[in-house]
1. Would you check if there is a residue in region 44-55 being among the aliphatic types (A, V, I, L, M), more than 15 Å from the chain's Cα centre (by Cα) and open to solvent by 50 Å² or more (accessible area, probe 1.4 Å)?
2. Could you please find all residues in region 112-129 being in contact (Cβ under 8 Å) with a residue 24 or more places away in the chain and open to solvent by 30 Å² or more (accessible area, probe 1.4 Å)?
3. Can you confirm whether Asn106 is open to solvent by less than 90 Å² (accessible area, probe 1.4 Å), closer than 15 Å to Asp81 by Cα and not in a strand (DSSP E or B)?
4. Looking at (1) surrounded by 13 or more Cβ atoms within 10 Å (Cβ to Cβ); (2) over 18 Å from the mean Cα position of the chain (by Cα); (3) outside any loop (DSSP other than H, G, I, E, B), which is the one condition that is false for Phe96?
5. Does region 109-129 hold any residues that are among the β-branched types (Val, Ile, Thr) and either part of a helix (DSSP H, G or I) or under 22 Å from Lys82 (Cα atoms) (or both), and which are they?
6. Condition first: outside any loop (DSSP other than H, G, I, E, B) and either of a type in the set (Phe, Trp, Tyr) or open to solvent by 60 Å² or more (accessible area, probe 1.4 Å) (or both). Now tell me which residues in region 148-187 satisfy that.
7. Considering only residues that are surrounded by fewer than 17 Cβ atoms within 10 Å (Cβ to Cβ) and free of Cβ contacts under 8 Å to residues at least 60 places away in the same chain, which ones fall in region 69-85?
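The values are calculated or read from the model by the stated rules, or taken from the named source; none is laboratory data. What you see is a predicted model; the values in this text were computed from it and never measured. Every residue, glycine among them, receives a Cβ derived from its backbone with ideal geometry; neighbour counts consider all protein chains shown. For accessibility, only protein heavy atoms count, side chains too; no ligands or nucleic acids. Shrake-Rupley method; radii C 1.70, N 1.55, O 1.52, S 1.80 Å.
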Amino acid sequence: MILLKDKLIHFSLFFFLVFSNLIAEEKANIIKNLEKTNSIIFDFVQITNELEEIGECTILFPGKMKCFYKNKKQKELIINDKKLAIIQKRYNKIYFYPIAKSLLSNILEKEKLIEIIKTSEIKIENEKIYLTKKNGTDRNLTVLFNQYNYNLNGWIINDSYNNKIIFLIKIKSINEIIKDSLFKFPN
């Protein structure tokens with residue numbers, strides 16, 4: 001009986017060490033891929049409280065993102081370092097918000113994103129790697145990566161109004177030359 005217990009303890013320890021190494025390797029591969037990435041152009045599906053929107057986005061690291069929504073409001077979202085603008089062309093309206101308190105700023109700054117990758121809980125499911133950073137509040141951030149090529153696949157956040165936002169992406173191109181002028185706010 002004692003011999004069986006010893007074998008079980010050794011097997012459990014071996015399994016734990018192998019699993020820990022696999023997790024560390026997955027995170028290292030994601031970071032290595034991310035460090036080589038300067039820009040991403042992708043199609044997206046955004047689901048907020050069961051409302052689904054689609055469109056196209058461009059991310060330029062660090063801190064820039066522009067999205068065109070395919071909807072009747074002709075909505076655009078522009079993030080340029082410290083500010084976020086939501087533009088509704090159909091109604092000729094622009095709303096500005098500070099980006100600093102948004103969880104989205106953690107995704108657009110590589111250093112912050114790498115820190116999240118290093119310190120997050122990991123789950124692998126359906127060919128995706130889910131990395132969840134818990135903030136001790138309801139405002140958790142989960143970043144998704146492809147299990148095979150380690151590319152960004154999207155994110156899940158709870159915004160400051162406790163809306164769950166699922167943002168899934170399908171990359172069209174990586175490391176295209178993108179001009180800063182794309183992220184200029186309209187007058």
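1. Let us first name the residues in region 44-55 that are among the aliphatic types (A, V, I, L, M), namely 45, 47, 51, 54.
After this cut, where a residue has to be more than 15 Å from the chain's Cα centre (by Cα) as well, the list is 51, 54.
Next, from what is left, pick out any that are open to solvent by 50 Å² or more (accessible area, probe 1.4 Å): 51, 54.
Yes, region 44-55 contains at least one residue that is among the aliphatic types (A, V, I, L, M), more than 15 Å from the chain's Cα centre (by Cα) and open to solvent by 50 Å² or more (accessible area, probe 1.4 Å).
2. Lys118, Ile122, Ile124, Lys128
3. Details: open to solvent by less than 90 Å² (accessible area, probe 1.4 Å): yes; closer than 15 Å to Asp81 by Cα: yes; not in a strand (DSSP E or B): yes.
Considered against the rule, which asks whether it is open to solvent by less than 90 Å² (accessible area, probe 1.4 Å), closer than 15 Å to Asp81 by Cα and not in a strand (DSSP E or B), Asn106 comes out as yes.
4. Only one criterion is unmet by Phe96, namely (1).
5. Filtering region 109-129 down to residues among the β-branched types (Val, Ile, Thr) leaves 114, 116-117, 119, 122, 124, 129.
Answer for region 109-129, where residues must be among the β-branched types (Val, Ile, Thr) and either part of a helix (DSSP H, G or I) or under 22 Å from Lys82 (Cα atoms) (or both): Ile114, Ile116, Ile117, Thr119.
6. Taking region 148-187 first, the residues outside any loop (DSSP other than H, G, I, E, B) are 152-158, 164-174, 180-183.
Result: Trp155, Lys164, Phe167, Leu168, Lys170, Lys172, Ile174, Asp180, Ser181, Phe183.
7. Start the filter on region 69-85 by keeping residues that are surrounded by fewer than 17 Cβ atoms within 10 Å (Cβ to Cβ), which leaves 70-74, 81-83.
Once the filter is applied, which keeps residues that are surrounded by fewer than 17 Cβ atoms within 10 Å (Cβ to Cβ) and free of Cβ contacts under 8 Å to residues at least 60 places away in the same chain, region 69-85 yields Lys70, Asn71, Lys72, Lys73, Gln74, Asp81, Lys82.
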